[in-house]
Amino acid sequence: MKHFMKRLEVFCHLGGTKREILFLLLSGASLVGSLLQWRPWGLDPAWVSIILCGIPILLEAVIGLLTEFDITADVLVSLALIASVAIGETFAAGEVACIMQLGALLEDLTVAKARAGIEKLVHLTPRTARRLTDGTACIIPAEQVQIGDRLRVLPGEAIPVDGVVLSGQTSINQAVMTGESLPVDKAPGDDVFSGTVNQFGAFDMEATKVGEDSSIQRMIRLVQSADAGKAKIVRLADRWARWIVVIALTAAVLTWLITGQVLRAVTILVVFCPCSLVLATPTAMMAAIGNATRHGFLVREGDALERLAGVSYLAFDKTGTLTCGTPQVAAGESCCARWDSNAVYRFAASAELRSEHPLGKAIVNSYRSQHAEAPAEPDAFQMIPGRGVAAGVNGHALLAGNAQLLAENGVPLPEAIRRRAERYLETGCTLTYIAIDGAAAGFLALSDTLRPDAAETLRGLADTGVTPVLLTGDHAHAADAIAQTLGIREVHADCLPEQKLEAIGAYQAAGKRVCMIGDGINDAPALKKADVGIAMGGIGSDIAIDAADIALIHDQIRELPHLLRLSKRMMRTIQGNLTFSMTLNVVAILLAITGILNPVVGALVHNLGSVLVIVHSAFLLHWKARSMDLSRERAK
């Protein structure tokens, strides 16, 4: 029996969307032929629609009843089809089958999705490790690393397991885990995570978490579990199917018994078919998705807008979402009379000209964008992993890097410059100190800049009644500075993927729906866990986009308030469609009971309702909130 039911399911889904479109075109043509009284070989062409569109509905109803004991809308449609054919009303049967197949096609189009995020995460997992045995390094599969093994990681390599640095200094790109835009300097005693990338110096480490316990493997499991826990919305017509079937059968049987006319009973079954009910949601969704696409959103989950309408919290990642994701020089300070801040900036750009470090590149790029003259070429250059650079420029010996670099070269930092630096550190800036000819000359403050439309976006979101939340892997100082500028009151900083997941789970446990907006690989679990996930499509990672329900194609976050308003408008449209559909059905049933409607006219009446539902939904395609609507939102 199970084997037979499987073969039935395969037949029902054979060919997918292309098959459904072909069948609908052929069915539509056959119904037109039936209306024109075209009778090849003496047969009503409406049978084409009954066979192509009706048989799959009958099979779906049988599968649901026999395998899951589930009464869906297909059961009532099947009864109406059988009854119509039994009394010779083939056109009514073909028309009902065709309109129901149209609803099924629209639903399939809205829920179509393609995901490969978990596979891409798996590809990020390091395959090999360099284990040290008696001072000799040998390459082994990463899964063979044991806790306590001593490993060596060379520049450019991914760290195979979690561990602690034993010797060496370097900078690690931790974006895969924390989303930080800047690399993090590491020294002996610091923790390092699997999947992150060693950018500069070689270092030795001791493995502390291996195999399934490593950070990258935990993140893969988080993505899988978050996706499995996200509830899927069931078709509304199927939710109400049991009641619809019971009421329809009861009304049809009573009418038959009381009047003795089977035609009236069949008409009740036909007009009770939930065609407009089936179309009410998917047509509005498709129109809203078309509107969203025009505003730069790619909606990948059919019911994402339905879930978005109920969101009360909007969680933002910081880097690459509210900010541009690229550091720039925000300020320069001098601490000696000989060199002013412009000279310090110029020397720093020259010293970093050959640097491969992201901070060094940011300094050079910022200088070039702000000055017409190019920085002078260094006479000598040395990269010092985890510290900075040493260079010679126009006869001057330069150091550019962190405070440890100056301390290790015997260059003291005056107390005045330390106090000034502290103010920048409190706002989340990263500092590069400059020493010229063995004396501290000043520093440059670098920060990730806010997107130009960030403030406008947050104001627009406030009008929609949604509470913004900052959920970031960046340090608390940087997160607080951005939150204060934008007026965000709820801030979660220093978050690893697990902690982002926990924060979203806490809101959901309190009965709140959450939308997450992010761009990095580390955001993938949170994007899956949230009721709705929105990924930055332009600069976001492929994995984040695959994990999200919606992708913001051009990274124009100022369109987010429109998307929220559109989702709410879509729900109002759906509610209007449902109210109209149910009212029309009730009126049609009363007319069918009294004998005013026959099966063909009944099918036309309730399918006319389906057309009106489609027209009403189509208004969403070009909908945009008017100034009057925005004023009402602000008043609330």
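Here are the numbers:
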{"read-out": "Scan of the range 466-513 for residues that are among the acidic types (Asp, Glu), closer than 16 Å to Leu314 by Cα and part of a helix (DSSP H, G or I), ordered by number", "value": "Glu502"}
{"read-out": "Every residue from the range 402-449 that is on the phi > 0 side of the Ramachandran plot and part of a strand (DSSP E or B)", "value": "Gly442"}
{"read-out": "So Ile247, is it under 30 Å from Asp531 (Cα atoms), out of contact with any strand residue (DSSP E or B) (no Cβ under 9 Å at 6 or more places or on another chain) and at pLDDT below 80", "value": "no"}
{"read-out": "Condition check for Glu426: over 24 Å from Ala202 (Cα atoms) and at pLDDT below 85", "value": "yes"}
{"read-out": "Within the range 300-310, considering residues that are crowded, with 23+ Cβ neighbours inside 10 Å and touching a Leu at 6+ places or on another chain (Cβ under 9 Å), the one modelled with the highest pLDDT", "value": "Leu308"}
{"read-out": "So Ala391, is it buried (at least 20 other Cβ atoms within 10 Å of the Cβ) and either of a type in the set (Asp, Glu) or on the phi < 0 side of the Ramachandran plot (or both)", "value": "yes"}
{"read-out": "Test: residue in the range 452-462 that is crowded, with 20+ Cβ neighbours inside 10 Å and either under 18 Å from Pro358 (Cα atoms) or without any contact (Cβ under 8 Å) to a residue 12 or more places away in the chain (or both)", "value": "no"}
{"read-out": "Some residue of the range 351-359 being within 29 Å of the chain's Cα centre (by Cα) and in a helix (DSSP H, G or I)", "value": "yes"}
{"read-out": "Leading residue by the ranking (modelled with the highest pLDDT) among those in the range 320-349 that are closer than 18 Å to Ala376 by Cα and among the charged types (D, E, K, R)", "value": "Arg346"}
{"read-out": "Residues that are touching a Phe, Trp or Tyr at 6+ places or on another chain (Cβ under 9 Å) and either loosely packed, with under 13 Cβ neighbours inside 10 Å or over 11 Å from Ile434 (Cβ atoms) (or both), drawn from the range 397-412", "value": "Asn402, Ala403"}
{"read-out": "Long-range neighbours under 6 Å by Cβ, at least six apart or interchain, first residue closer than 14 Å to Ala435 by Cβ within the range 343-365, second part of a loop (DSSP other than H, G, I, E, B) and modelled with pLDDT of 85 or more", "value": "Ser350/Pro375; Ser350/Ala376; Ser350/Pro378"}
{"read-out": "Residue count, the range 135-174 (criterion: in a strand (DSSP E or B), surrounded by 15 or more Cβ atoms within 10 Å (Cβ to Cβ) and not hydrophobic (A, V, I, L, M, F, W, C))", "value": "7"}
{"read-out": "Options Asp531, Asp519: the member that is charged (D, E, K, R), at pLDDT below 85 and either within 17 Å of Thr319 (Cβ to Cβ) or surrounded by 19 or more Cβ atoms within 10 Å (Cβ to Cβ) (or both)", "value": "Asp519"}
{"read-out": "Qualifying residue in the range 612-626 (condition: of a type in the set (Ser, Thr, Tyr), buried (at least 24 other Cβ atoms within 10 Å of the Cβ) and either farther than 30 Å from His492 by Cα or modelled with pLDDT of 75 or more (or both))", "value": "yes"}
{"read-out": "Given (1) among the polar types (S, T, N, Q); (2) surrounded by fewer than 24 Cβ atoms within 10 Å (Cβ to Cβ); (3) farther than 21 Å from Leu461 by Cβ; (4) modelled with pLDDT of 85 or more, index of the condition Gln508 fails", "value": "(3)"}
{"read-out": "Some residue of the range 399-412 being among the charged types (D, E, K, R) and over 27 Å from Cys324 (Cα atoms)", "value": "yes"}
{"read-out": "Leading residue by the ranking (modelled with the highest pLDDT) among those in the range 175-213 that are part of a loop (DSSP other than H, G, I, E, B) and among the charged types (D, E, K, R)", "value": "Asp190"}
{"read-out": "Matching option when the condition is in a helix (DSSP H, G or I) and either modelled with pLDDT under 65 or touching a Phe, Trp or Tyr at 6+ places or on another chain (Cβ under 9 Å) (or both), among Val253, Val223, Val271, Val278", "value": "Val223"}
{"read-out": "Enumeration of residues in the range 423-442 that are among the aromatic types (Phe, Trp, Tyr) and farther than 17 Å from Ile384 by Cβ", "value": "Tyr424"}
{"read-out": "Top-ranked residue in the range 364-411 [being acidic (Asp, Glu) and farther than 19 Å from Ala187 by Cα; ranked as modelled with the lowest pLDDT]", "value": "Glu373"}
{"read-out": "Selected residue (criterion: nearest to Leu621 (Cα to Cα)) from residues of the range 570-593 that are modelled with pLDDT of 85 or more and crowded, with 22+ Cβ neighbours inside 10 Å", "value": "Met570"}
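Quick grid of which residues meet (1) out of contact with any Leu (no Cβ under 6 Å at 6 or more places or on another chain); (2) at pLDDT 75 or above; (3) in a strand (DSSP E or B); (4) within 16 Å of Ser610 (Cα to Cα):
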{"position": "Leu79", "(1), (2), (3), (4)": "no, yes, no, no"}
{"position": "Ser84", "(1), (2), (3), (4)": "yes, yes, no, no"}
{"position": "Ala92", "(1), (2), (3), (4)": "yes, yes, no, yes"}
{"position": "Val96", "(1), (2), (3), (4)": "yes, yes, no, yes"}
{"position": "Leu105", "(1), (2), (3), (4)": "yes, no, no, yes"}
{"position": "Asp108", "(1), (2), (3), (4)": "yes, no, no, no"}
{"position": "Leu121", "(1), (2), (3), (4)": "yes, no, no, no"}
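The values are calculated or read from the model by the stated rules, or taken from the named source; none is laboratory data. Bear in mind that the values here come from a model prediction, so they are computed numbers and not experimental data. Note that we place each Cβ from the backbone using ideal geometry, even for glycine, and neighbour counts take in every protein chain shown.
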